[in-house]
Amino acid sequence: MSGPPAIEVENLRYRYPDGLEALRGVSFSVAGGERVGLVGPNGAGKSTLLLHLNGLLPARLPGEAAVRVLGTPLTPATALAVRARVGLLFAEADDQLFCPTVGEDVSFGPAQLGLSRAEVAARVSRALAAVGLAGFDDRPPHRLSAGEKRRACLAGLLALDPAVLALDEPTQSLDPRGRRELATLLTGLPVALLIASHDLGFVLAVCRRVVVLDAGRIVADGPAADILADEPLMLAHGLESPPPWSVQGRKNYSE
Ligand code: ADP
């Protein structure tokens, strides 16, 4: 695909004020429309990395931005504009849904963009339809199933017309049907995806490429089928190869 990469991360380092260095020089890029799995043991730095992609955590090296989104360096001055292009899906849907109704929740982001009411309403209907929740506008989020909540969160991000979605453990608390529906939904979206997950079968189903992060460093980056099948690599980094049925599942989504 032409144009600048959706995401470029160059030598990104981050130390929590009270903690160890969570990211120790991470470099990679994600092309427009590419779907990349981010795997690694607990504490590897996956969530910390995702939080840097839309400026929720500081992302600057002295004099030079460590993160670029569609070619734009992510700095305090660009963070607001970039945040609209990079949607971040949190592991806990309840952290993301905070309005009395699904419709209000999904309209919250676009309403901040200074769009007309009609345009906001059009974006909300399009986003809800895209995630299979057309007609859910007046439903209170706490009455939704886990899968519906996850999709409502996604609708809120899609309503901003993002170029990139960064997803933190998107299959957490989903049943197998919700998980399949989410895989189908994600593979049909015209955006770049970075999916942090321990659900390696899901990663294999949705992503052609996998990046392995451990102790704040990238230790492998390549085709998902090769990396996830590399059992010594997986075991060395606290993971395990997904079961064969997942490989079968991959044909349904990624081809
Ligand atoms: P992962 O998502 O791969 O499990 P995280 O990015 O959550 O990893 O964590 C990376 C490291 O940063 C871990 O050692 C974790 O303990 C530490 N960490 C995460 N969040 C905080 C925080 N808010 N304050 C201090 N340390 C943190």
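The values are calculated or read from the model by the stated rules, or taken from the named source; none is laboratory data. Since the model is a prediction, treat every value here as computed from it, not as a measurement. Cβ: placed from backbone, ideal geometry, glycine included. Neighbour counts: every protein chain shown.
I need the full set of residues from region 211-241 which are assigned to a strand (DSSP E or B), of a type in the set (A, V, I, L, M, F, W, C) and surrounded by fewer than 16 Cβ atoms within 10 Å (Cβ to Cβ), in order please. Passing the criteria: only 219. Taken over region 28-44, residues that are in contact with a helix residue (DSSP H, G or I) (Cβ under 7 Å, 6 or more places away or on another chain) and among the hydrophobic types (A, V, I, L, M, F, W, C) amount to 2. Take the conditions (1) assigned to a helix (DSSP H, G or I); (2) within 30 Å of residue 42 (Cα to Cα); residue 91 misses just one of them, which is (1). Counting only residues that are closer than 15 Å to residue 221 by Cα and part of a strand (DSSP E or B), region 12-53 holds 11 of them.
Per-residue answers, yes or no, for (1) at pLDDT 90 or above; (2) more than 16 Å from the ligand (Cβ to nearest atom); (3) over 19 Å from residue 46 (Cα atoms):
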| position | (1), (2), (3) |
| --- | --- |
| 204 | yes, yes, no |
| 207 | yes, yes, no |
| 211 | yes, no, no |
| 226 | yes, yes, yes |
| 237 | yes, no, no |
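Here residue 134 meets each of (1) in a loop (DSSP other than H, G, I, E, B); (2) small (Gly, Ala, Ser); (3) closer than 24 Å to residue 169 by Cα with one exception, condition (3).
Residue-wise test of (1) at pLDDT 95 or above; (2) among the hydroxyl-bearing types (Ser, Thr, Tyr); (3) within 16 Å of the ligand (Cβ to nearest atom).
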site: 18; (1), (2), (3): no, no, yes
site: 38; (1), (2), (3): yes, no, yes
site: 66; (1), (2), (3): no, no, yes
site: 72; (1), (2), (3): no, yes, no
site: 92; (1), (2), (3): no, no, yes
